[in-house]
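Trainee: Have a look at this one.
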Amino acid sequence: MFISNILLALTWAAISGEFTLHNVLLGFIVGLGILLMAQRVTGRSRYFTKVRQVIGFIGFYLWELIIANLRVAYEVMTPGYRIRPGVIAIPLDASTDMEIAMLANLITLTPGTLSLDVSTDRQVLYIHALYVDDIEAVRRNIKEGMERRVLEVLR
């Protein structure tokens, strides 16, 4: 379905005569509508659920990125020392290399956190966090926030 949506977007851009990013995105949205209407004939598809999950994940991650950036920027710009760094072991539900790599990279890309290592049995991810007031809260935020959404998107 994704390939069909891409082809419809490119067809839209070709028919309109403008291969701009804006026009291709518009074509993607129009293609999404066409595929949604075509479901009556072709049957239900998981594609639309995945699209919603990906959009939700992007929104979630952007929000996490903004909050983490603001927190680190506030720390840099104000006097005092509120950092409470620590290394935390996070038990993983992610099992494939892709799931673990995506989770570890997204954690590392978020300011204030850094993925350090994965256990040899791939059951635990070790991270360093700048703000560890409550170890269980940090672990729960990653498990219920980032990891759950990564698994929703990839599975």
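Trainee: So, in nm, how far is label W63 from label I15 when the simple model puts each one 7 Å beyond its Cα toward the Cβ?
Mentor: Here the modelled spin labels are 3.6 nm apart.
Trainee: Counting every Cα pair in segment 15-65, what percent are over 11 Å apart?
Mentor: Numbers: 951 of 1275 pairs.
Roughly 75 percent, rounded to a whole number.
Trainee: Charges only on Cβ, +1 for Lys and Arg, -1 for Asp and Glu: so what's the dipole of the chain about the Cα centre, in debye to the nearest 20? If you can, show how the numbers build up before the last one.
Mentor: Details: 15 positive and 14 negative charges, 107 e Å.
With only Lys, Arg, Asp and Glu charged at Cβ, the dipole is about 520 debye.
Trainee: Related question: Got a sec? How would F28, F19 order by Cβ neighbour count within 10 Å, fewest to most? If you can, show how the numbers build up before the last one.
Mentor: On the way: F28 17, F19 11.
Lowest to highest Cβ neighbour count: F19, F28.
Trainee: What number does the chain give for Rg over Rh if you use C-alpha atoms and the Kirkwood radius? Walk me through the numbers before you get to the answer.
Mentor: Details: Rg = 20.2 Å, Rh = 18.2 Å.
For the chain, the value is 1.11.
Trainee: Loop only by DSSP, 10 or fewer other Cβ within 10 Å of the Cβ. Give me the trypsin sites (Lys or Arg not before Pro) in segment 1-101 that pass, ordered by residue number.
Mentor: Numbers: sites: R40, R44, R46, K50, R52, R71, R82; in loops: R44, R46, R82.
For trypsin sites (Lys or Arg not before Pro) across segment 1-101 that sit outside H, G, I, E and B with at most 10 neighbouring Cβ atoms in 10 Å, the list reads R44, R46.
Trainee: Could you tell me how many degrees, from 0 to 90 and to the nearest 10, lie between the Cα long axis of helix 97-109 and the main elongation axis, the longest principal axis, of the Cα atoms of the chain?
Mentor: The angle comes out near 60 degrees.
Trainee: Once you've got the GNM for the chain with C-alpha springs shorter than 10 Å, pick whichever of V24, V132, V118 has the biggest mean-square fluctuation.
Mentor: Maximum among the listed residues: V24.
Bear in mind that the values in this text are calculations on the coordinates, not laboratory data. The structure presented is a predicted model; accordingly, all values stated were derived computationally and were not measured. Cβ atoms come from the backbone with ideal geometry, glycine included; neighbour counts cover every protein chain shown.
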